[in-house]
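All remarks here apply to the structure that follows.
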Amino acid sequence: MTPDILAALQAAKEAKRPVALLTRLSDGQQRLWPDAEVPAPLAEAAAAALRDDAAGNVTLDGEAWFIHPHNPPLRLIVVGAVHIAQALVPMAQAVGFAVTVVDPRRAWATAERFPGITLIHEWTDDAVAALAPDSRTAVVTLTHDPKLDDPGLDVALKSDCFYIGALGSRRTHAKRVARLVEAGHGEAALARIHAPVGLNIAAVTAPEIALSILAEVVAARRGAALAQRAAPAAAA
Amino acid sequence: MSDSEDVLATAANWRAAGETVALATVVETWGSSPRPAGSRLAVSASGKLAGSVSGGCIEGAVADAAKQTMASGTPQLLDFGISDERAWEVGLACGGKLKVFVEKLA
């Protein structure tokens, strides 16, 4: 790998810009896509590798090329700077997520409770909307307070984020679903919400609940069957 | 940040500190293989290792190849598989097969 390619890869990472490293395996010659112009079959393979976040191999003119996607990190937006969030944030970072915590209650969302984490004190709908959740983003609401959680969920449901989870019991969630139906969300949209949040591992402590949430986020990301649930019924 | 990029950053730091460094990348896997394509192992001339290309089975053999590539500057494409005697020697017991590309960090 040349110093130029290494520097370009690191600059792309710094800028959170997706790039694919293309390596000709016979001699190690490399190109960075889309920075460099490459033949169409390589460009197509690079675009597909970035889209699917999966490395691939392409043969072009009898030469084997390795297509190595370098996507920016997956993002996790946590609504609610609560105790469980304090456990969830460092775990999610260890798994590779770029984490942002949203909570307008400044007493909760402090640098002391969340060292080194991006904290947003705007109202949750404005905050989540400004973060523009995309297909590489998970949104988890943990405040347990409808006036904070619901606006965040409303924005998340209108995005194509890959995971939405909401803390609260089945009963709490049934009421939440009823409110969101009133706000105009349909059944299919509401089925996207994982609630009660997290895999059922009988978690009790804050770190255990954080673990169950993170495990479910990973399962959703990787398409594991256990992340799929039946649609919840709205409360009468 | 994906783990393979962490390895790249570590390798870049070693290189910046004046070390000779080689980078090994899993480019293809078949069957049960613990690390997917794109997984990286960085090796320094002084023997430092970062990352992984397997569950630990072939790292030793890859590090040996990395030292050759550090000396020659020529990249190598290594094949490890159940039909490969070397794979048994180095203990790829999972029954998987994989190809590892080894290059020098210039």
### Query
Which residue pairs have Cβ atoms closer than 9 Å, lie 6 or more positions apart in sequence or on different chains, and pair a first residue in the range B:59-76 that is within 14 Å of residue B:26 (Cα to Cα) with a second residue that is surrounded by 18 or more Cβ atoms within 10 Å (Cβ to Cβ) and aromatic (Phe, Trp, Tyr)?
B:61/B:80; B:62/B:80; B:75/B:101; B:76/B:101
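Can you pull out the residues in the range A:40-68 that are surrounded by 13 or more Cβ atoms within 10 Å (Cβ to Cβ) and more than 10 Å from chain B (Cβ to nearest Cβ)?
Matches in the range A:40-68: A:41, A:42, A:43, A:44, A:45, A:46, A:47, A:48, A:50, A:58, A:60.
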### Message
Out of A:118, A:137, A:100, I need the residue that is in the same structural domain as residue A:197 (by TED's automatic domain parsing), farther than 22 Å from residue A:203 by Cβ and touching a residue at least 60 places away in the same chain (Cβ under 8 Å). Which one?
### Response
A:137
### Task
Could you list all residues from the range A:188-226 that are outside any strand (DSSP E or B) and among the β-branched types (Val, Ile, Thr)?
A:197, A:201, A:204, A:205, A:209, A:213, A:217, A:218
### Query
Can you name every residue in the range A:2-39 that is within 12 Å of chain B (Cβ to nearest Cβ), touching a helix residue (DSSP H, G or I) at 6+ places or on another chain (Cβ under 8 Å) and in contact (Cβ under 8 Å) with a residue 24 or more places away in the chain?
A:9, A:13, A:18, A:19, A:20, A:21, A:22, A:30
### Message
Among the residues in the range A:178-189, are any in contact (Cβ under 8 Å) with a residue 24 or more places away in the chain, farther than 18 Å from residue A:226 by Cα, of a type in the set (Lys, Arg) and surrounded by 15 or more Cβ atoms within 10 Å (Cβ to Cβ)?
### Response
yes
### Message
For the range A:111-150, which positions are in a loop (DSSP other than H, G, I, E, B) and within 27 Å of residue A:178 (Cβ to Cβ)?
### Response
A:122, A:123, A:133, A:142, A:143, A:144, A:145
## Note on the structure
How many residues of the range B:38-53 are small (Gly, Ala, Ser), more than 16 Å from residue A:55 (Cα to Cα) and within 14 Å of chain A (Cβ to nearest Cβ)? The answer is 2
### Residue list for the range A:132-143, restricted to those being in contact with a strand residue (DSSP E or B) (Cβ under 9 Å, 6 or more places away or on another chain) and surrounded by fewer than 20 Cβ atoms within 10 Å (Cβ to Cβ)
A:134, A:136
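The values are calculated or read from the model by the stated rules, or taken from the named source; none is laboratory data. All values derive from a computational prediction rather than experimental measurement. Methodologically, a virtual Cβ is constructed for each residue, glycine included, from the backbone with ideal geometry; neighbour enumeration extends over all protein chains shown.
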